[in-house]
Every structure is written in structure tokens, then in C-alpha cells.
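A short write-up of the structure that comes next.
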Amino acid sequence: MKLNLKPFYNMQDELDRRIEREHALEEKDLFTEKILALLVEVGELANETRCFKFWSSKPPSSKEVILEEFVDGLHFVLSIGITKGYKLPATITIKDEQYDGLIQAFLDVYNDIQLLEKDHDVNKFVQLMEDYLVIGRILGFTAEDVENAYLFKNEVNHSRQDQGY
């Protein structure tokens, strides 16, 4: 999966600025709130995949539901990067290779988030982005899937702001 993140970064920056302006948060450092929000979103994504629910035979949610949760998390990964002024490579490529599995991928992302929360190093952010995209790859999402879902959810997020969400 090869994903061009620059348009997403710009759209997320526009949404973030709108939210900060409309909620009088321009002067507030929202880094820790965004870290917690990302942790919650990653948990929601894991919950929809049901990958850890060894006690249950219920299948995962639909691909569409899982993709929407994945994109919700991507919004917050990007938002964290914007908050810290990080620059990403224009394109990130996640190779078609064998991974240690979905559970390990989730644990890697949780670990990355905790490391970034303690040490705001750009390399930790890039590692988080790469590991987060690995989850999408393992779930079978294409770059086109992610792009379309991101664009749709960005519109939803703006509509929510229009409605006083």
C-alpha cells in the first residue's frame, strides 16, 4: 500500500483549525487530549475487528465499519503530527510482506503512542504512522480504500461542526 498523505495532512489541518477556532481552543495545547483520543480510536478499531476476543465466536464487523474506524484513527494520527509541526514523507509505502499478525500490530501502535507521548521526537511519530498503516494493510485495505474513506469522513466531520457537534 502506497499512500500520499499530503492532501490528508492539509485537510486535517483545515479541520483542526476550524475546531480550534469554533471552540476557542487556539491557545490550548491539545497534544495530550489527542493522544488519549487516538488510544480510544485504536481501541474502537480493535473492538470492531474482534481480533483479541478469543472467548467469542461472533465475527468481525463489516469491512466498511472497520475501515471507518481505521480512518477515525488516521485523523488523530495526522492531527497529532500537525499539533507538533511534524513533517512526513510525501508518500509512505507499506510493503506486501509478512507481519506478526493483527494483535501484534495493535500492540505496536499502542506502544508507539506511549513512546510519542513521553518523547515528542518526529521519528517516533513516523514510526507510529508506519505501524498504524500496517494495521490497515493487514486488514486488507488498499490506498484507494483509505483515501475514499478519509475524504468521506472528513466531510462528515465538517458537517458535524456545521451542526454544532
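Observations on the model:
- Check: the chain dipole with +1 on Lys, Arg Cβ and -1 on Asp, Glu Cβ, in debye: 180
- The chain: DSSP helices with Cα axial extent of at least 18 Å and average Kyte-Doolittle hydropathy no lower than -0.5: 31-49, 63-84, 102-118, 122-138
- Looking at segment 12-65, the trypsin sites (Lys or Arg not before Pro) that sit in a DSSP loop and have at most 13 other Cβ atoms within 10 Å of their own Cβ are 28, 53.
- Looking at the chain, the pairs of alpha carbons with a distance over 30 Å make up 13% of the total.
- Above-threshold pairs, the threshold being 23 Å between Cα atoms, out of 34/124; 95/153; 34/58; 95/118: 95/153; 34/58; 95/118
- Contour excess over end-to-end distance, with Cα ends at residue 122 and residue 55 and 0.36 nm allotted per residue: 20.3 nm
- Among 117, 130, 22, residue whose mean-square fluctuation peaks in a GNM of the chain (springs only between Cα atoms under 10 Å): 22
- With 0.36 nm allotted per residue and the present C-alpha distance subtracted, the residue 63-residue 17 stretch has 13.5 nm of extension available.
- Two-site FRET efficiency, residue 151 against residue 36, from Cβ-Cβ distance with R₀ of 30 Å, rounded to 0.05: 0.70
Where a number appears in this text, it was derived from the coordinates with a stated rule and is not lab data. No experiment lies behind these values; they were computed from the predicted model shown. FYI the Cβ positions are ideal-geometry reconstructions off the backbone, even for glycines, and counts take in every protein chain you see.
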